[in-house]
């Protein structure tokens, strides 16, 4: 009896394993050996070598299919390993364990040096990256390189502009502000009109957003070159940063702007229901806005350039944007580099990204094309927002340098701005404290501070 | 003579008992079966708990900073941990949670159990289920749900307070986040502790209550003078569970941080600190040391609590 029972239990267990094993494999595209088991996409040419890619671009599956159909000698095996930090956490763990990383990975340009310092990315210059340099917007290329090395191929950018509610502006009798001074005046006027809306949100967890606003007034927070990885210059409390943060601190104290956390459900609703009259946004912002629910059906959205500190000398800044990098764990680095350069490095692929995924391309042939400039956006009442706003912003952007511990720096920035908004310290003190904590951290991590 | 014979005889007296303990074939066979039955658990226990623990401990003895390589430092990480103001501040936070949250949960659980123990109607079974249900909700889901309830926009607070013409409190603001977290945890765990206490109450011989009633004891006196002392060992167990859980506080603040990043920094509790060190800032070695340091603290606290309550828990 007992033996029989045990035997049948064993059979049940074995069947269960077999069944789950089966279901695990059924997601594959039906070809190309054991590796193919984890691909999200269908492999077109089973004979060709495969390159694994992690990416979270919207509508990326169509881009992958296009690539696989167009290439006989290489195939992309794509996985969506999460967006932003979710993906970085997995990548970081696989760097630590020495296995499990993909061959090609989507990374935002701001985190590139956080991974190059861990020797996780391949310098693409030896695989011909400099040959395609001319195909990319200058600022975006600058963000993807460090010194002479090129660690990634730019894909999309986030030049900043101002999306605003024309209907709310009209109701309060506000002209579109072109400088931050006018922006403050508009904020006061909107508040006095008394329909409860504020001009904008200043999130304490804005991270790259806050940093981009600082950069507009000339702030250069970090100096870093991966050719000399032990040395870093930190100046997060320079004049530019202080000027901008003091300005926003003033707006917060006067109740002219909200201080809601960004990217929460509350924030998303307030963006589109008329709580904020302005969304200071990157070029991916329009796509983000259109994806939100609970929108005010009568909203009239328009786009305008970001307000300036000095209207005579406009400064353009960038928020976000990402790239494709090749990891040190890639089995065939040359092939991986070819894929990194090839996915969006052609008009078919990039056009798909622009049309289906609302990407703002860094690839010059598309970026500089007539079609892109003249594209009319229904959401903005047919306005050609690229021509009016974002193309100028992208052309004027000169690139930025990020620290090799950018995530930590952003977390600390949030802590300090939150303390400021809570009235615990003023803007200048908040940035001085940030400077001190980053210097201490850098020293602890073995850096020499320039 | 007599002195020499005495030990010898006692030796002899022990000898047969040793023979008795020597495993015979039958016993050995039984033992083999025992190992076989334990094997699946032992294997998983070894692979997923003991080995990672050993590995993490080894990691905690090394240091690797962003700019320099990996090197052995022995106990340096532990010295650094116990003098790290962020870690100590996190310990202070969970200690404060322990002081407020554990009594709150205990009180709710004990009162509910005592009341339910006295009820004999259908309402008793129904209420027991209702109080227990929050425990059946996964912790992450519960915290997400409370995140929405606390939200000034989606939560009910603004409309409820609005009826009386008041402004709703900002549950996710820096000053209120502590209470908001206490509320979530109490909501979730009080039902579980209630069940433990209730089960213990059910185990008491009802004859004792009859005797107490004959002696003229009121319901309240029976509850406080008889029931509570008789279930003290269960109460001690509940406190130990709550204490260990609170010192390792992680899930609720981590989930709520999604909607209150300013009020809940990444180093709010020691466990959150270890998590962000490892997975956001790539300091796996120091994160391991922080985890073990937290383990030591949990052990010390639990040990002292058990020592202090050794009489109530029946350990002595």
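What follows is calculated from the coordinates using simple rules that are stated; it is not laboratory data. Source: prediction; values computed, not measured. Here the Cβ is made from the backbone with ideal geometry for all residues, glycine too, and neighbour counts use every protein chain on show.
Within 10 Å of each Cβ in peptide B:275-286, how many partner chain Cβ atoms are there on average? Round it to a whole number, please.
Numbers: counts 1, 3, 1, 4, 8, 9, 8, 15, 4, 4, 0, 1.
What the average comes to for B:275-286 is 5.
GNM on chain A, C-alpha springs below 10 Å: top fluctuator among A:201, A:433, A:170? Among A:201, A:433, A:170, the largest GNM mean-square fluctuation belongs to A:170. The spacing between region A:75-112 and region B:166-225, judged by their C-alpha centroids, is 48 Å. Largest GNM mean-square fluctuation among B:39, B:190, B:157, using chain B with Cα springs under 10 Å: B:39.
Distance between the C-alpha centres of region A:361-431 and region B:34-107: 40 Å, rounded to the whole angstrom. Per residue, the Cα convex hull of region A:126-222 amounts to 143 Å³.
Annotation for region A:312-326 versus region A:205-246: alpha-carbon center distance of 14 Å.
Working note: 222 nm ellipticity from helices only, DSSP H runs with n ≥ 4, each -39,500 (n - 2.57), summed and divided by the residues of chain B, gives -23000 deg cm²/dmol to the nearest 500. Prolate is the label for chain A. Its Cα gyration tensor axes, ordered a ≥ b ≥ c, give a/c of at least 1.5 and a/b above b/c.
Output the relative contact order of region B:82-313, whole-number percent, from Cα pairs under 8 angstrom with separation of 6+ residues.
Values: 224 pairs, mean separation 66.0, N = 232.
Worked out over region B:82-313, it gives 28 percent.
Rounded to the nearest 0.05, the FRET efficiency derived from the C-beta distance between residue A:83 and residue B:149 at R0 = 22 Å is 0.25.
Report the extension gain between residue A:133 and residue A:71 in nm, rounded to one decimal, defined as 0.36 nm multiplied by the number of residues separating them, less their alpha carbon distance. If you can, show how the numbers build up before the last one.
Numbers: separation 62, 0.36 × 62 = 22.32 nm, distance 2.23 nm.
Taking 0.36 nm per residue and subtracting the Cα distance, the gain is 20.1 nm.
Helix A:85-97 versus the longest principal axis of chain A: what is the Cα-based angle in degrees, 0 to 90, to the nearest 10? Between the helix axis and the principal axis of chain A, the angle is about 50 degrees.
Highest-first packing order for the peptide set B:50-57, A:66-73 is A:66-73, B:50-57, based on the mean count of other beta carbon atoms within 10 Å.
With contacts taken as Cα pairs under 8 Å at a separation of at least 6 residues, chain A carries a relative contact order of 24 percent. Against chain A, whose longest principal axis is taken from its Cα atoms, helix A:2-25 shows a tilt of about 50°.
Label-to-label distance, residue A:170 versus residue B:160, with points set 7 angstrom from Cα along the beta-carbon direction: 4.2 nm.
Taking each residue of B:168-178 in turn, how many C-beta atoms of other protein chains fall within 10 Å of its C-beta, and what is the average?
Details: counts 0, 0, 0, 0, 3, 1, 5, 1, 0, 0, 0.
Neighbouring Cβ atoms belonging to other protein chains average 1 per residue here.
Axis of helix A:347-357 versus longest Cα principal axis of chain A: the two differ by about 70°, to the nearest ten degrees.
Taking chain B as a Gaussian network, where each spring joins two C-alpha atoms under 10 Å apart, which residue of B:128, B:32, B:202 fluctuates the most? Largest GNM mean-square fluctuation: B:32.
Could you work out, residue by residue across A:262-269, how many beta carbons of other chains sit within 10 Å of that residue's beta carbon, and then give the average as an integer?
Details: counts 1, 3, 8, 7, 9, 2, 0, 3.
Mean partner-chain Cβ count within 10 Å for A:262-269: 4.
Size check on the protein assembly as shown: the Cα extents along the three principal axes, sorted descending, read 111, 70, 54 Å. Classify region B:82-313 as rounded, prolate or oblate, taking a ≥ b ≥ c as the square roots of the eigenvalues of its Cα gyration tensor: rounded when a/c is under 1.5, otherwise prolate if a/b is larger than b/c and oblate if not. It is oblate, given that a/c is not under 1.5 and a/b is not larger than b/c.
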